[in-house]
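What follows is a set of notes on a single structure, which appears directly below.
The values are calculated or read from the model by the stated rules, or taken from the named source; none is laboratory data. What you see is a predicted model; the values in this text were computed from it and never measured. Ideal geometry is used to build each Cβ from the backbone, glycine not excepted, and the neighbour counts take in all protein chains shown.
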Amino acid sequence: MLSMGFQNLEYTHEQILYQGSTMHGFVINSAHVTSEIFGEEAVVVNFVTGKYFAMSGSGPAIWKLFESPISADEVIDEFRKLDGMTATELDQVRDFINALQREKLIVETDDSSSQYASAGNITVAAGGFQTPVLEIHDDLQELIVLDPIHDADPERGWPVTRRE
Amino acid sequence: MNRGRVFDPAVFSSIVNHVNGDMSQDINRFITDSIEYARDAWREFGGEERYYCFGPVTLCVRHIGAALVDTVSPAIRHAMVSKQSSVNGTVYALDAKSLHLRRPPETWPFSTNTYQEHQRIYWDTESGLALNSDESRGIWQLFNLHNCDGLYWVDDETTLPSWEAGSPLRIFLHWLTWNNNCQLIHAAGLEWQGRGILLTGPGGSGKSTTTAAAVGAGWNMVGDDFVLVSDGCKPVAHCIYDTIKLTRESLGKLPNIADSAINAPVDAVEKFRVHLSDRYRQRLVGKIAIDTLFTLNIAGAHKTCILPASKASVMAALAPTTMFMLKMGMKESFHKMTGLVNQMQCYSVQMSTDPCEVAASMARFVENPET
């Protein structure tokens, strides 16, 4: 689903993308990605793909866990410890992690996944767990994919593309 | 001067064939030798030396043989100052054809190791050397971050595209400021009754139209497209360019400014350019202290509405477009903008269809933000 330049992912109970790799550690792809958490939201930019992302709900809390190597299962386990977490909500966490992998915002690491001791590592909003949301914006992709010098129209200039 | 040094085709060929698995060494040598070549040309030919002050950044531009003055100066003439004993950087402007000097390479002379074969951006913070090229139009920009010398090297000034004069030397300003407390930002800067704001928004959101309407209504301006923001206890936005770029449709809504356009666009896509220093000189100011960020959204409502916005939403409107337009030093730019956004009050402007009404609403809001 793509609407007006951004995509809201619908979280379906899909199979884990990386079968058999749920114990492998993942970490933020810092070579290609930069991010900042502002209160309960986060802004993430992948300057290789030209996409940028807004996270909300419990998304930033999940994102923060990947600052150090951690497996998807360990992330799920940490949220499972929170009071009142349902199976559906745990599926939402897993789907969010899958989305991070699809967008190459987190990458597999050779580092052995760390053992997170307790749910105290997760910062969840006062209202408790909220569906993690990842808004994907691709409206500026052309600025990266489009070489402003060579692909720009010679008469009108960047960002108008060169006519065939 | 040794005009044949380095730039003989045979020498280029040897560089290409001598890649030796280390393209960086070849490009680095090319950058340092090219800038040295320009220094030699300046010593031999002289030309026009001009100084520009953009807030905390002072730039010396040495037009070798007076080349490229007509391209570089119009959009930044308001920032020209008398000779300075100390500058932050020096850019040599060289037009090969007018002086019968060595031309910049017609084709990319180095191997490419990127998936985009046409990628022509080189940025090596370790060696302190940077390059941005458009060999198809004969435009090369080179920079040495260690001594802050640069070269704006063109094959023939008379064939430069018209939009090259819209924001001259921008990449040199970015290179000069990437590792200090200043940041080029893609935003408009306006001031009303001593209160400074930055306007940001996606392409087509009406930023330039709103800026033009605001200036017509009495706002002061420091920039329509890019401003230089310096950090401090209160951030300051400095003026770089005095141009506003407007579509035909926008110009039609602003009759007071319509006859000030300096170009005649060839089609509906190309924008009109207006030099504010021609028409509204008193409205163009050198700097403004800023404390508010507005993101513009085309709501199409009858009346403009200004609402509090989250810092994350404003950061998403501001940072990616700036980063992707500047292309180099993206992480540094992102983190500087994070610091800026955290200091600002953030609002979303749900705009009506009338840019003059939008400007008036913004003025009322700035005067009485609590209402």
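Residues considered: B:K271, B:K234, B:K331. Of these, the only one that is among the charged types (D, E, K, R) and closer than 19 Å to A:S35 by Cβ is B:K331. For the stretch B:140-154, a residue qualifies if it is touching a residue at least 40 places away in the same chain (Cβ under 8 Å) and surrounded by fewer than 20 Cβ atoms within 10 Å (Cβ to Cβ), and exactly one does: B:C148.
The set of residues in the stretch A:36-51 being facing chain B (nearest Cβ under 9 Å), more than 14 Å from A:I136 (Cα to Cα) and touching a residue at least 60 places away in the same chain (Cβ under 8 Å) consists of A:E40 alone.
Of the strands (runs of 3 or more DSSP E) lying entirely inside the stretch B:249-357, those carrying at least 2 residues that are over 25 Å from the mean Cα position of the chain (by Cα) and at pLDDT below 85 are B:287-301.
Going by the conditions given, is B:A261 more than 26 Å from B:T58 (Cα to Cα), in contact with an Asp or Glu (Cβ under 9 Å, 6 or more places away or on another chain), surrounded by 15 or more Cβ atoms within 10 Å (Cβ to Cβ) and not β-branched (V, I, T)? No, not satisfied.
With respect to the conditions (1) closer than 16 Å to B:H186 by Cβ; (2) in contact with a Phe, Trp or Tyr (Cβ under 7 Å, 6 or more places away or on another chain), B:P308 falls short on a single one, namely (1). Condition test on B:K245, is it surrounded by 18 or more Cβ atoms within 10 Å (Cβ to Cβ) and either within 14 Å of chain A (Cβ to nearest Cβ) or modelled with pLDDT under 95 (or both)? So B:K245 fits the description; yes. For the stretch B:111-136, taking the residues that are buried (at least 18 other Cβ atoms within 10 Å of the Cβ) and in contact with a helix residue (DSSP H, G or I) (Cβ under 9 Å, 6 or more places away or on another chain), the one that is modelled with the lowest pLDDT is identified as B:Y122. Screening the stretch B:287-346 for residues that are more than 9 Å from chain A (Cβ to nearest Cβ), in contact with a strand residue (DSSP E or B) (Cβ under 8 Å, 6 or more places away or on another chain) and of a type in the set (D, E, K, R) and picking the one that is surrounded by the fewest Cβ atoms within 10 Å (Cβ to Cβ) gives B:K303.
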